[in-house]
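The structure appears below as structure tokens.
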Amino acid sequence: MSELLRTFFAREGGARDFISTAAGGATDGEVCTMARRVASRLGAATSPGERVALFVSPGPTFLAAFFGALAAGRVVVVLSPLHPAPETTFFCEDAGVRTVLASRALLDMTAPIAAGREVLVIEDVCEAPTDEAPADGAPAELDAPPDTPALQLYTSGTTGRPKGAVITHGNLAVQQRLVAEAWGFTRDDTLLHALPLHHMHGLAIALLTAVGAGARVRMLDFTGRSFDAARVWDEMRDATVLMAVPSMYHRLFAAFDAADSGTRARWAAAARSLRLATSGSAALPVTLAERWRELTGKIPLERFGMTEIGVGITNPLDGPRVPGHVGLPLPTVEARVVDDEGRDAASGELWIRGPSVFAGYHARPEETARAFAADPDGGAPWFRTGDTVTRNPDAGAHAPYRILGRTSVDILKSGGYKLSALEIEEALREHPAVGEVAVVGVPDEAWGDRVVACVLTREPVSAEALREHTRARLAPYKIPKDFIFMDDLPRNPVGKVVKPALVAKLRGG
Ligand code: MCA
Ligand code: AMP
């Protein structure tokens, strides 16, 4: 059995609460039994290595679908109801998905991908008897070497369409172990989980870390509705760990400031009772970090991660946490900071290697090759993160890393989601009234990057029409917040748009 599956099935037979949601919960034993039923059903319906899509709401059936698919030797592709039909269809086609596990409540949304695919209702699968499992109750293909693909997560890059990052059993297991050790996770923890599950942060860094440590998970599902900050404050009571993106801390403080003094006192006490609050996926503004310190005595534990590597660098659980810095690499994670020529430098691009680095992008050998750099000493290749970082050269090996931003102006981070300006531009260019368009991120405390589309039109068109056009093609979080109509864009002598100059112009008003 792979380490990842072993840590999950170690909970088999247990009667303790594992996961709870507003709609109900399940014990360790119940989740494992459901996972075996999923494995058994998929074992019969699909073949090893096949990509199986999960269109499953957060909760016990999500865990059952995820681990059941892995136990059957299948590779999970997580879909989200946030994506419109063209995106969901693209993910399924790109991954070659033939089978979809869907929550009954989301069945309507599977219509665009149902043609030519089998859609299994997860609630039905979880209730069916496990008659195809071998006599010892173990699904036939639990044995998965570490390099077996487990998960294919779609992530935006410097090319127009998102790429499927292939993440292995070994990648997830090592992450689960290292993050749990670094952050002191035990089975006595209760993770307050409010993150989306179609990305690495919510799925692996939060959920799988808790699963591996034998901890409990209290899951809040805000998919399709706004993040309910008051609810999160309320649910901190008797939870021990909160993991969030900076925009969530922003929302938490907006709700806090609007609350009456009694509520504020209750919420402050709940925050203080957490043993750990983490922040990641984007830079945590120092103002928000300091507000959390005023309330709890400590700034959130900020760490750096990526879909392709999980958590790479983290501040310490107990040692000093430096605002604006992300700490040091986890054990087994090797990091280098390099200049444009690939030479070691105090500031430059961050390169990472180690057992948590993903296997490559699905069916994209050239992009995979571009993502890695050869090692000058003939060692294992390095993953180029595309992030610019710096360290104090006088502070020695213990100098914490500081993330300065992306090396590409076309990669944006809004509310913790990584967005490709090129993908948004491509979608906008499909509108007949759009002549030229440049999508940029304008720094913003609430979102990180506020996505702005600067448009040169061929014919009159309203911002609302362009918003609706984009909404039909892309997830709501990719839709530009502002559409600005311009006569021209700042260009260099050969006519190429200079996006930093455009951002400067927008910031200037
Ligand atoms: C929602 N909207 C957004 C975003 N989220 N717009 C830009 N950026 C966003 N992130 C849109 C909504 O569709 C809506 O548009 C309008 O903004 C207002 O939405 P609202 O209801 O206020 O937002 P929300 O639904 O409450 O969401 C805010 C959120 C959410 C909770 C911060 O964005 C979120 O869950 N972010 C987490 C992303 C994440 O997990 N990233 C991890 C990537 P309209 O009104 O037009 O419909 S993994 C990663 O980065 C690595 C591994 C790492 O290090 O962790
Ligand atoms: P994703 O592809 O969605 O996994 O996003 C990964 C990217 O999020 C990284 O390459 C960084 O640009 C950004 N990121 C993650 N954590 C942090 C952090 N603590 N500070 C700044 N940026 C971060």
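At a probe radius of 1.4 angstrom, the accessible area of the chain per residue rounds to 40 square angstrom. Scanning the chain for long hydrophobic helices, with DSSP H runs required to stretch 24 angstrom or more by C-alpha along their axis and to average at least 0.0 on the Kyte-Doolittle scale, returns 28-45.
Apolar share of the accessible surface for the stretch 276-432: 53 percent from carbon plus sulfur atoms, 1.4 Å probe. Counted residue by residue at 0.36 nm each, then reduced by the alpha carbon distance between them, the extension gain from Ala15 to Arg507 reaches 171.5 nm. Dividing the mean sequence gap of close Cα pairs (under 8 Å, 6+ apart) by how many residues the chain holds gives a relative contact order of 12 percent. Note on the chain: antiparallel DSSP beta bridges, both residues inside, total approximately 65 percent of the bridges counted. Packing around the peptides 465-471, 278-284, 235-241, taken as the average count of other Cβ atoms within 10 Å per residue, puts them in this order, highest first: 278-284, 235-241, 465-471.
Sorting Thr148, Thr287 by accessible area puts them as Thr287, Thr148; the probe is 1.4 Å, largest comes first, and only protein heavy atoms count. Relative contact order for the stretch 34-115: 37 percent, from Cα pairs under 8 Å spaced at least 6 residues apart, divided by residue count. Rolling a 1.4 Å probe over the protein heavy atoms of the stretch 143-209, with every protein chain left in place, gives an accessible area that is 54 percent carbon and sulfur.
At an R0 of 25 angstrom, the distance between the Cβ atoms of Glu445 and Phe372 translates into a FRET efficiency of 0.10. Computing FRET efficiency as 1/(1 + (r/R0)^6) for Asp260 and Glu123, where r is the C-beta to C-beta distance and R0 is 45 Å, gives about 0.65. Under the combined filter of DSSP loop state and at most 14 neighbouring Cβ atoms within 10 Å, the stretch 316-396 retains these GluC sites (Glu not before Pro): Glu341. Pair-distance distribution P(r) for the chain, from all Cα-Cα distances in 20 Å bins starting at 0: 22, 57, 21, 0 percent. Among the lysines of the chain, pairs at least eight places apart or on separate chains and with Cα atoms under 28 Å apart come to 25. Compactness of the stretch 273-419 was expressed as the Cα radius of gyration divided by 2.2 N^0.38 Å, which yields 1.08. Between Ala44 and Asp108, the FRET efficiency estimated from the beta carbon spacing at R0 = 22 angstrom works out to 0.25.
Computed on the stretch 1-141, with alpha-carbon pairs under 8 angstrom and 6+ residues apart, the relative contact order is 26 percent. Each peptide among 22-30, 244-252, 75-83 gets the average number of other Cβ atoms lying within 10 Å of its residues, and from highest to lowest they stand as 244-252, 75-83, 22-30. Which part of the stretch 433-450 falls in the paramagnetic zone of Glu459, meaning amide N under 13 Å from the point 7 Å along Cα-to-beta-carbon? From the stretch 433-450, the list is 433-435. Remark: the Thr332-Thr407 segment gains 24.5 nm on full extension, using 0.36 nm per residue and subtracting the alpha carbon distance.
The values are calculated or read from the model by the stated rules, or taken from the named source; none is laboratory data. If you're wondering where the values come from, they're calculated on a predicted model, not measured in any experiment. We place every Cβ from the backbone using ideal geometry, glycine too, and count neighbours over all the protein chains shown. Just so you know, the surface numbers come from the protein's heavy atoms only, side chains and all, with ligands and any DNA or RNA stripped out. Shrake-Rupley method; radii C 1.70, N 1.55, O 1.52, S 1.80 Å.
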